[in-house]
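The next block holds one structure in the form of structure tokens; read it before the comments.
The values are calculated or read from the model by the stated rules, or taken from the named source; none is laboratory data. What you are looking at is a predicted structure, and each value in this text was computed from that prediction instead of being measured. Neighbour counts run over all protein chains shown; Cβ positions are idealised from the backbone, glycine included. SASA here: full protein model, heavy atoms, side chains in, ligands and nucleic acids out. Shrake-Rupley method; radii C 1.70, N 1.55, O 1.52, S 1.80 Å.
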Amino acid sequence: MKVAALVLLFSIAAVSPEIRYFRYERPLSVTQSSGQTCAVIDPAIFPHAAPELADLRLYMDNAEIPYVIQLAEPLKAEEKSITPFNLGDRHGLTVFDAEMPEAHYRDVELAISARDFIATVNVAGSQSKAGSAQTRIGSYTVFDLTSQKLGRSTVLHLPESDFRFLHFSIAGPLKPDSVTGLSVEHLPARPPKYQSVAVSSSGENKGRSSLFEFIVPAHVPVDRLTLVPGPTPALFSRDVSIAVAAQIAKSTDESEPARPSVYSGNVLRVHKVQEGHTIDEERLSIDVPSPQSESATKWTVTIDNGDDAALMPETVRLEMVERSLCFEAIASRQYTVFYGDSALTAPRYDYAKLFVAQPDPMSVSAGAESQNAAFQQRPDARPFTEKHPALLWAALIAVVTVLGGIALQSARRSVSRGSGVD
């Protein structure tokens, strides 16, 4: 009963969307057949919309149309840790088997405790634990070249696979007790897609570091940093730190600005042949799980070059996972996306709860942003006391003064009576 009352109260208090209160709009023209349709959300929408697009609304002929926002990939893939079995030594090779998840997977990372090594890992797959024919998948090089300042990689870049069991054979200096486990990530239903939020091609050398700076508008999400290196240096492994600071500190004390959020990672490029092993490894992106900020943010990317030649990438990009607005469209109809009403909260549609993404929905493009010609400022619905806090304080002071005067008069009377009795 209490829950129902709270829901009813919320529904009454919640602000309803009206086209006249949206500041911005973008047209969507559906020219194909009816059905599930998706439009990619331009990063330029975010600065003019509420945080996390809470005020985004879709209309057709003045009627609100339910929608759902889809990500081009999960922000965090599900990782599964696996304990190897049958781990041992066979004819001088370290061998073991692993039971894989019932899903498609690609990259497998070995947990290896050893340092300073290069080894070749041969991988085969089968659908049963023992007794069935094994299919050769490939040979992969794992290495730890930290003593050469070239980093470390124990990831096996397998082709997309669904074998229930994998069989490993390692040729090299790795002993069975140095293999402590492995992990694998489920492949997303669709390949990941990213959009550039900010791009810089002009860095600065400062001491032993390469610096790149960006200004990201308010509310714009950033999910990863990507470097596009030039031809030199050909081999590198560099630590990267990313500092994110609000342009406008929320603290009222200007002498104590808000502390920046700091993220770190490593970028690596190794293409070489060493001790008969071919090494081809690149990691040029760093995930940045940065929340959307209420204000613009300054991003400072610092590449630690140590004593090596400076790494100055051709471009450095801040990217967001591609987001799409999906809805059930009617052919040859005009739709409009409205946003820019900060009083609204995120919509709740049955369509979003029951949504099932089609493998190949129709695609439409949003037109250019424009001011809503019918825009009106939403009336201030705050209580009188919030609109005029000074009057509230004046009234409180007046009440305290009156009560103080009454108390003083009462005290004087009490004193006078006491004096008369004596």
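Can you tally the net charge around Ala63? Count Lys and Arg as +1, Asp and Glu as -1, for every other residue whose Cβ sits under 14 Å from the Cβ of Ala63.
Summing Lys and Arg as +1 and Asp and Glu as -1 gives -2.
Select one label from (i) -0.68; (ii) -0.55; (iii) -0.44: the one whose number is log10 I(q)/I(0) by the Debye sum over Cα atoms at q = 0.08 Å⁻¹ as derived from the coordinates shown.
The value computed from this structure is option (i).
Taking the Cα atoms only, what angle lies between the long axis of helix 389-421 and the longest principal axis of the chain, rounded to 10 degrees?
50
In the chain, how many lysine pairs have Cα atoms under 20 Å apart, counting only pairs 8 or more places apart or on different chains?
Numbers: Lys76/Lys193; Lys80/Lys129; Lys149/Lys272; Lys206/Lys298; Lys250/Lys298.
So the count of such lysine pairs works out to 5.
Determine the per residue accessible area of the chain with all protein chains present and a 1.4 angstrom probe, expressed in square angstrom. Write down the numbers at each step before the final one.
Values: 23960 Å² over 422 residues.
Ligands and nucleic acids excluded, the result is 57 Å² per residue.
Tabulate in residue order the Karplus-calculated ³J(HN,Hα) for the range 106-113, using 6.51 cos²θ - 1.76 cosθ + 1.60 with θ = phi - 60°, rounded to whole Hz; enter x for Gly and Pro.
9, 6, 10, 10, 8, 8, 10, 7
Using alpha carbons only, how many angstrom separate the centre of the range 196-249 from the centre of the range 131-150?
One Cα centre to the other: 31 Å.
Which of the peptides 217-227, 363-373, 105-115, 292-302 is most tightly packed, and how do the rest follow, judged by the mean count of other Cβ atoms within 10 Å per residue? Walk me through the numbers before you get to the answer.
Values: 217-227: 20.5, 363-373: 13.2, 105-115: 16.4, 292-302: 17.9.
Ranked from most to least packed, the peptides come out as 217-227, 292-302, 105-115, 363-373.
Can you give me the % of accessible surface on the chain that is carbon or sulfur? Probe 1.4 Å, all protein chains present, nothing else counted. Let's see the in-between values first.
Details: 12930 of 23960 Å².
Heavy-atom surface of the chain belonging to carbon and sulfur, 1.4 Å probe: 54 percent.
What are the ³J(HN,Hα) couplings of the range 326-333, residue after residue, when phi is run through the Karplus curve with 6.51, -1.76, 1.60 and θ = phi - 60°? Round to Hz, x for glycine and proline.
After applying 6.51 cos²θ - 1.76 cosθ + 1.60, I find 10, 7, 8, 9, 10, 4, 6, 10 Hz.
By how many degrees, between 0 and 90 and to the nearest 10, does the Cα long axis of helix 2-13 differ from the longest principal axis of the chain?
Rounded to the nearest ten degrees, it is 80.
Please give me, ordered by residue number, the trypsin sites (Lys or Arg not before Pro) of the range 313-378 that lie in loop per DSSP and have at most 13 other Cβ atoms within 10 Å. Please report the intermediate quantities before stating the final value.
On the way: sites: Arg317, Arg323, Arg333, Arg348, Lys353; in loops: Arg348.
Those that pass, being in a loop and sparsely packed, are Arg348.
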